[in-house]
Amino acid sequence: MPAYTFFYFLLGLVGAAETGVLAYLVNKFEDQGYPAGRGDNGTPNQMRVLIILLLFVASWTTLFALAFVCFLSRGSFAFLAGLGASLLWLVVTIILWAVSTTLFHRIRPGGECRGEATISICRQLETVEALGWTAVGLAALCMIAALFAWNSRRTYTGRRGAYRV
């Protein structure tokens, strides 16, 4: 089993944590109304759309990261566990996380949450942003590790043809 499978597993855990926090916030905001975002253009509807976008990206990440862990550890579905599919999924995931987290950062109300209660909307929204940036970093790290593993194996085994990571 390749060492970078651990990064896929961590990415799946971060996605699952983000999914849980966002599902809780969607449930809470549907009852109480979404907060207005920061700035002149920050409307509650924009916050709603971004939270639902982040919920989709977190669910996407959880599903596919844990599926890749299963495929890589069992060796099944070789075409899905191959380097091409892994890199394509990681590039799409990095783009989705980077765009959605950047947009969320620009509109998220609050700041450093000083003086807020330990469990408050400000801190929960800050957690959503922090987990988003963590997912971007883990996906990039996973892509780098996959490329190094591929290059290392190709160099040491002398294989030049079709390759399955």
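The values are calculated or read from the model by the stated rules, or taken from the named source; none is laboratory data. Everything numeric in this text was worked out from a predicted model, so none of it was measured. Here the Cβ positions follow ideal geometry from the backbone for every residue, glycine too, while neighbour counts run over all protein chains shown. Remember, those area values only see protein heavy atoms, side chains included, never the ligands or the DNA or RNA. Shrake-Rupley method; radii C 1.70, N 1.55, O 1.52, S 1.80 Å.
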| request: Give just the number: which of (1) surrounded by 16 or more Cβ atoms within 10 Å (Cβ to Cβ); (2) at pLDDT below 90; (3) not hydrophobic (A, V, I, L, M, F, W, C) does Q32 not satisfy? | output: (1)
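Please determine whether any residue of region 72-79 is crowded, with 21+ Cβ neighbours inside 10 Å, modelled with pLDDT under 75 and in a helix (DSSP H, G or I).
Yes, because at least one residue in region 72-79 is crowded, with 21+ Cβ neighbours inside 10 Å, modelled with pLDDT under 75 and in a helix (DSSP H, G or I).
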| task | Taking the residues in region 114-129 that are closer than 24 Å to L96 by Cα and among the polar types (S, T, N, Q) as candidates, determine which candidate is least open to solvent (accessible area, probe 1.4 Å). | result | Q124
| Does region 43-50 include one or more residues that are modelled with pLDDT under 95, in a helix (DSSP H, G or I) and under 15 Å from the mean Cα position of the chain (by Cα)? | yes
